[in-house]
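Contents: one structure, followed by commentary.
The values are calculated or read from the model by the stated rules, or taken from the named source; none is laboratory data. Please read these numbers as outputs of a predicted model, since none were measured by experiment. Here the Cβ positions follow ideal geometry from the backbone for every residue, glycine too, while neighbour counts run over all protein chains shown.
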Ligand SMILES: NC(=O)c1ccc[n+]([C@@H]2O[C@H](COP(=O)([O-])OP(=O)(O)OC[C@H]3O[C@@H](n4cnc5c(N)ncnc54)[C@H](O)[C@@H]3O)[C@@H](O)[C@H]2O)c1
């Protein structure tokens, strides 16, 4: 292996964030080992050059794959919220037991640093915290604490806000809002927006900006055992997202406006990314630029007949 090149293992490598990260790591000539059970991920998204293993993070069969690994990015999870609500036991099995199993594999192989995906869902208020996805991610944070305390492991928590960009998983039962709107326009259907969507705001951040932080985690020892909130630092309403997609796609807006359910009050999220800023990281992609890249990718998916 050439100097400065690392052995990096990604769980969830066939998913949205994992496959984008794999692209960056392969381009930088690191050796990349990827694990995914392909439950939601797509094998065709895993870049050539990745040593891919179809495996489940809950299985001890993954342990040998961690031998000689320098950095782990643990991204595999069950994360479609309605699916998590429908099956709390499987959510805990994958997101909690699976995460403990990945940490254990890293411990047994003496991996010097492990990054894992947290979520802003843990700080979106009491109602969101009653959801099983948020509970699982909150529990992961406690497990990380346990591994740091008991084994002096270097475990870095990446608290992602709302990531978007090419390969966002539009196939799930409840697709992320950007994918949902773009699909409606691609199919020539009227997109649905809800009353109050001008107050319903999220911190949306472009996936490759997050990759800049991932790359920094490889070699910057200041990340050791810290938690980083990763977002754009801007809270953008769903209405603004809608308007930007209309502009980027050059379509005529004609949405169906629906009343908002009481169980889904507007919320606003905003990442305080000051800890990441101290290390020299900053998001740099504008919403329009990022959406242009996502729209181009989704247009290509549509052309291939992948978007039904
Ligand atoms: N995308 C976001 O905006 C966002 C925000 C906050 C947190 N996160 C977290 O970041 C991580 C990556 O998210 P993503 O958007 O890339 O999700 P994704 O669904 O696109 O990718 C997850 C991958 O994990 C795989 N997987 C699921 N269960 C598995 C198992 N038991 N064994 C092996 N592989 C399994 C899936 O097949 C999929 O390829 C997740 O932990 C997610 O909770 C994402």
(message) Condition first: closer than 16 Å to residue 236 by Cβ and either assigned to a helix (DSSP H, G or I) or modelled with pLDDT of 95 or more (or both). Now tell me which residues in the range 180-197 satisfy that.
(response) 180, 181, 182
(message) Could you check the range 147-178 and list, in sequence order, the residues that are part of a helix (DSSP H, G or I) and within 11 Å of the ligand (Cβ to nearest atom)?
(response) 177, 178
(request) Among the numbered conditions (1) touching a helix residue (DSSP H, G or I) at 6+ places or on another chain (Cβ under 9 Å); (2) modelled with pLDDT of 95 or more, tell me where residue 265 comes up short. (result) (2)
(message) Yes or no: the range 158-167 includes at least one residue that is modelled with pLDDT of 95 or more and over 19 Å from residue 231 (Cα atoms).
(response) no
(request) Could you list all residues from the range 125-146 that are within 11 Å of the ligand (Cβ to nearest atom) and either buried (at least 22 other Cβ atoms within 10 Å of the Cβ) or modelled with pLDDT under 95 (or both)? (result) 133, 136, 137, 140
(request) Write out, first by first residue and then by second, each pair whose Cβ atoms fall under 7 Å of each other, whose residues are 6+ apart or on separate chains, and whose first residue, in the range 65-78, is touching a residue at least 40 places away in the same chain (Cβ under 8 Å) and within 27 Å of residue 121 (Cβ to Cβ) while the second is assigned to a loop (DSSP other than H, G, I, E, B) and away from the ligand (no atom under 16 Å from the Cβ). (result) 71/6; 72/111
(request) Go through the range 56-89 residue by residue and tally those that are assigned to a helix (DSSP H, G or I) and more than 9 Å from the ligand (Cβ to nearest atom). (result) 14
(message) Please determine whether any residue of the range 21-37 is within 16 Å of the ligand (Cβ to nearest atom), within 17 Å of residue 94 (Cβ to Cβ) and either part of a helix (DSSP H, G or I) or free of Cβ contacts under 8 Å to residues at least 24 places away in the same chain (or both).
(response) no
